[in-house]
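To start, the structure under review is shown below, and the notes come after it.
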Amino acid sequence: MIHVAFSVVSLLAQVTPAPSPSVTPLSSPSAAPITAPVSPAPSPSPSALPSPAASLTLSPPQVNLHPSQSQIISVANAAGPIAVTASAPLVSTTVDQAARTVTVAASTQTGSTVLTISSASGSARVPVRVALDAATVPPSIDLRVSGDQIDAPWLLTQIQNAVRAAVAAQPGAGPLQLGEIAPPTPFNTGAVASVTVPVRVAGGAQYFDVNGTTSINLQNLAVQAFAPPVLFYDDDPEKLVANGVLFRNEVTPAAAARLYYYHQNTLAPRQLAVVLRASSPARVQLIDASAGPNPDVMTVGHNVSRDFLVRKPRNQGVVVDLAAGAPYVAEQFSMNPVDGAAGSIGIQVLSGGPVQIATMALASTDAAQLNAYFDQPRLPGDGHARTGVFNLTGYGGEVLAYTAGGPDAVTQYGASSPPPAQPGSGHDYGDYGVIRTITFDLANSSPQPATVYLYERPMGGSVRSSFLVDGTLVQLGCARVPQRYQIGTPFSLPPGSNSRLVVQTMTDGGSSYPLEVGITSSPPLPQTPPITAPDGCFPKPAPTP
């Protein structure tokens, strides 16, 4: 402004004086022109024009902190001293006037506040939130498995279980959500792989959202298959009315074991857990087929037998390292009233040990409560004595001969109990947890081919069944009436032939026994009836006329 005025005066001094024009601000759109006969003055450079004051800007514009964490806010375009005020005393602030920064330090409390940062050039507001993350996601998780023919759906489930066990979510945080997972296939013995798993836990108003990934370090270990000499049977008390220890025993490196458990909840909701604990570091292999919770106990029992029949011959399981004294939850079910849960778990101690295994009913499965309950006395039984340790060595196998044209080859199972292996054991009527192996030696001495059928016949009431027929899984629907129902497809015996058919099966929890199984030349019914049919498991009553 001063530069322009002096330029005009200098030019006017060289010509005939004229009345001085009134001076009008440059910003006025109605400024009067200068009428003196002078050469046009050069336009002032843009740098000579005044700039409007820039507004105060902050980086970052908002601050999220964990308790006791701090962050620096850079302040741009501040004129003069910087001042800070807070809407709530949740954080402390320190101003570095020379560096033009504000350091925000969170207290140990969580919550929200707003900082107002001001100077002579203006002010700006910064929202500040102090909270915990909704969950802690480890950068990597080790998962060791075993098995000769691992199927991808099972491996996917193990990966999901490993992530759920490793991610520690805050109370009240949103549910753990896993993104798409691509398990390696095939994944044979000795293979290693790394799988990335996207993880999300919503924090809501209380926590910060967590969106991250974890890497699953997979390894398929070469582990010797095992045939457990003992069965741990846990079905007493069958109905859960209180929290406490339901069953507890010990597995040593010298003797593997199989646990079969079956329980139905009553009254209040509770947790049912299968827990391992070792006094010194140990490594164990678990072949686990557990199912539930579900009020349909027949489906629960059927799923257990079906899955164990498939997994046990493949040696398909997980290998777990136990820290000394730290409980490891192998299975856990959130049980509502009338829910049922069951499982068949093979346990082999590979190193260290011995290892204790217990089934427990609890309010929660935090480590403190697990340890507090683990050594308590067992809950009182229900009087049925369906509990104990039983001898599996040499039990559950038989060989039957069948000759084409001769009588049927027939057996029954599910009405006996394996012999006790420890004092104080009750009984296992129904052979629950026992793999029954029936070997049929088939002969056809005639010059003509013969067609034979494998069948089952219910003898004790409603039953569902799973069979491995020469290694192929065959499932039958629910049957109740004592009629013969075909298992799988017919078999053709060539003339003058001898062959062997191996059938493996397990009794289903929730089903009724005994069950007859045999080979016949007479065609049985091709399939079980619909569940609501007159001869089905749960027929509908006839309508009233």
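The values are calculated or read from the model by the stated rules, or taken from the named source; none is laboratory data. For clarity, every value in this text was computed on a predicted model and none was experimentally measured. When we count neighbours, we look across all protein chains shown, and the Cβ atoms used for this are built from the backbone with ideal geometry, even at glycine. To get the accessible areas, we keep the full protein, side chains included, count just its heavy atoms, and leave off ligands, DNA and RNA. Shrake-Rupley method; radii C 1.70, N 1.55, O 1.52, S 1.80 Å.
In order along region 390-406, phi translates into HN-Hα couplings of 10, 8, 9, 5, x, 10, x, x, 7, 10, 10, 9, 9, 10, 4, x, x Hz, rounded to whole numbers, per the Karplus curve 6.51 cos²θ - 1.76 cosθ + 1.60 with θ = phi - 60° and x for Gly and Pro.
If the chain linking V399 and S121 were pulled fully straight, counting 0.36 nm for each residue of separation and taking away their Cα-Cα distance, it would gain 90.4 nm.
Using a simple spin-label model with pseudo-atoms 7 Å out from Cα toward Cβ, S59 and N391 lie 8.1 nm apart. One compactness figure for region 63-108 is 1.18, namely its Cα radius of gyration divided by 2.2 N^0.38 Å. Between the beta carbons of T532 and R100, assuming R0 = 56 Å, the FRET efficiency works out to 0.10 to the nearest 0.05.
Using the Cβ atoms and a cut-off under 13 Å, what net charge is assigned to the surroundings of R258, where Lys and Arg are +1 and Asp and Glu are -1? Around R258, the surrounding residues sum to -2. The phi torsions of region 343-358, fed into the Karplus equation with coefficients 6.51, -1.76 and 1.60 and a -60° offset, translate into couplings of x, 10, 10, x, 10, 10, 7, 8, 7, x, x, x, 10, 8, 10, 9 Hz, rounded to whole numbers, with Gly and Pro shown as x.
Between the Cα long axis of helix 2-12 and the first principal axis of the chain there is an angle of about 30°, rounded to the nearest 10.
Using a probe radius of 1.4 angstrom, the carbon and sulfur fraction of the accessible surface of the chain is 56%.
Translational diffusion coefficient, Stokes-Einstein: compute it for the chain using the Kirkwood radius over C-alpha pairs as Rh, at 25 °C and 0.890 mPa s, and state it as an integer in µm² s⁻¹. Value of D from the Cα-based Kirkwood radius: 82 µm²/s.
In percent, how large is the relative contact order of the chain, given Cα pairs closer than 8 Å and 6 or more residues apart? The normalised contact order for the chain reaches 11 percent. Extent of region 343-476 along its three principal axes (Cα atoms, max minus min coordinate, largest first): 72, 37, 29 Å. For the chain, the 222 nm mean residue ellipticity estimated from helices alone, with every DSSP H stretch of n ≥ 4 adding -39500 (n - 2.57) and the total spread over all residues, rounds to -3000 deg cm²/dmol. Listed peptides 137-143, 436-442 appear in the order 436-442, 137-143 once ranked by packing, highest mean of other Cβ atoms within 10 Å at the front. Along region 455-462 the Karplus relation, 6.51 cos²θ - 1.76 cosθ + 1.60 evaluated at θ = phi - 60°, assigns HN-Hα couplings of 9, 10, 9, x, 10, x, x, 5 Hz to successive residues, with x for each Gly and Pro. Taking amide H positions as modeled 1.01 Å from N, with prolines and chain starts lacking one, the residues under 5 Å from V251 and 5 or more places away or on another chain are V355, Q356, I357.
For region 206-298, which trypsin sites (Lys or Arg not before Pro) pass both filters: DSSP loop (anything but H, G, I, E, B) and at most 12 other C-beta atoms within 10 Å? Loop-located and lightly packed - none at all. On the beta carbon distance between N249 and N211, with R0 = 35 Å, the FRET formula returns roughly 0.20. Averaged over its residues, region 133-241 has an accessible area of 47 Å² per residue, based on protein heavy atoms and a 1.4 Å probe. What angle, in degrees between 0 and 90 and rounded to the nearest 10, separates the Cα long axis of helix 297-314 from the longest principal axis of the Cα atoms of the chain? It is inclined by approximately 90 degrees. Charging the Cβ of each Asp and Glu at -1 and of each Lys and Arg at +1, and nothing else, the dipole of the chain about its Cα centre rounds to 940 debye.
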